[in-house]
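One structure below.
The values are calculated or read from the model by the stated rules, or taken from the named source; none is laboratory data. Since the model is a prediction, treat every value here as computed from it, not as a measurement. Every residue, glycine as well, gets a Cβ built from its backbone with ideal geometry; the counts of neighbours run over all protein chains shown.
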Amino acid sequence: MITRFEIIQGRIISSEHEQSPILVFTNPDDNEKKFLIEELKIDEHTLASALDPDELSRLEFEPDHTAIIFKRPRNYSAKDKLLFKVGSCGVFLFKNRLVIVQAEDLPLFDGKQFSNVPTLSEAVLKLLYRSIFHFLEHLKAITMITDELERKINKAMENKYLLNLFTLEKSLVYYLNSINSNGGLIEKLKNSSVKLGFTSGELELLDDLIIENNQCYRQSEIHSNILASLMDARASIVGNNLNVLMKTLNLITISIMVPTLVVSIFSMNVPIPGQEHQHSFWMIMAIAIASVGFMMFIWKRKKW
C-alpha cells in the first residue's frame, strides 16, 4: 500500500499527487517492491532489511540516496500476551524525495514533533525522535502493567502472573537492544552530518536526539534491572502463599479428624461406657465439640 504526503508551510499532510515528495510503502507487494528496486534503485537487501523485525539499525550511502534502517516499537495487541515487540523501518532519503518502507501500518507523522518540518532531512530526524518517544510511551505502559501484576502476586498462588512478568522482562531486553542500536545510528548520522548536508538547526536536533535516546536507554535499563532483581523475591512470595494455604488446610483437616475420632470410638459395635444412658448421644456430641475447642485453643496458643 502506498500513501503519499507533501510538506506545506512546514506541515506534513496527505496528498494525492503522483509526484509527492514523501512516499510511504506499508507492507509492499511484489509490484511495489519491483518499483522500489528497479525505478528508485533501492538495494534489494536493504529493502528486505527494512521489513525484517530482527534487523539492526544502520546507515548506508548509495550513489543517489541515503538508506537508514531504524527500530521502533510495534503496535501492541491482546494476542501478544504482554509481549511488546519491535519492528524495523526503512527510510530512503533522495535529493528531492523521501521514501519510507514499513512492515505494518504505524502512525509516522503524528505528535508535536511534526508541527514544523521545513525539509525532508529534518523529517527523517523527527521520525527518529518520534520513535524514541514511542519507546518511552511503551515503557510507561510496561510500568503500569508491572505494578498491577505485583499487587496480584502478593495475593496469588498461581504461576501465571510470574510468567507475565517474565514476558515483560523479555520485552525489555528487546527494547534495550533496539534503543542501543538506534543510538549507534544517531551517532553515525552526526559523524556524517557534513556528507548529509545537515543545517545548524538539524545538528542541534541531532544533539537532542542523542540525549533523549540515552535517557530512554537508561530508563529501559533501570526497568529491566529492577524487574530481573525482584523476580526471585516474587517467586518466593508465590511459594510462601502456597505454604500458608497448605498449612491452613492441614490445620482444618486435623480439627475435623479429632471429633471424627471421638464419634468413631462411640460408634463401635462393642459394649461401651454410657451406652445405656438416656443422654449418651448429647454427651458424645458435647465431647466432640469440646475436642474442636481444645484444638482451636492449641492452634492459637502455638500461633499456628
Test: Leu82 is at pLDDT 85 or above and out of contact with any Asp or Glu (no Cβ under 7 Å at 6 or more places or on another chain): no
First in segment 13-24 and outside the structural domain of Gln102 (by TED's automatic domain parsing), second anywhere and among the basic types (Lys, Arg) and outside any strand (DSSP E or B), Cβ under 6 Å, 6 or more apart: none
Selected residue (criterion: surrounded by the most Cβ atoms within 10 Å (Cβ to Cβ)) from residues of segment 44-61 that are without any contact (Cβ under 8 Å) to a residue 40 or more places away in the chain and touching a helix residue (DSSP H, G or I) at 6+ places or on another chain (Cβ under 8 Å): Glu55
Test: Glu148 is farther than 30 Å from Val91 by Cβ and among the charged types (D, E, K, R): yes
Selection count where residues are assigned to a loop (DSSP other than H, G, I, E, B) and over 15 Å from Asn96 (Cα atoms), scope segment 14-40: 4
Filtered residues of segment 67-120 (kept if in a loop (DSSP other than H, G, I, E, B), among the basic types (Lys, Arg) and in contact with a strand residue (DSSP E or B) (Cβ under 9 Å, 6 or more places away or on another chain)): Arg74, Lys85, Arg97
Phe281 at pLDDT 75 or above, farther than 30 Å from Pro73 by Cβ and of a type in the set (Phe, Trp, Tyr): no
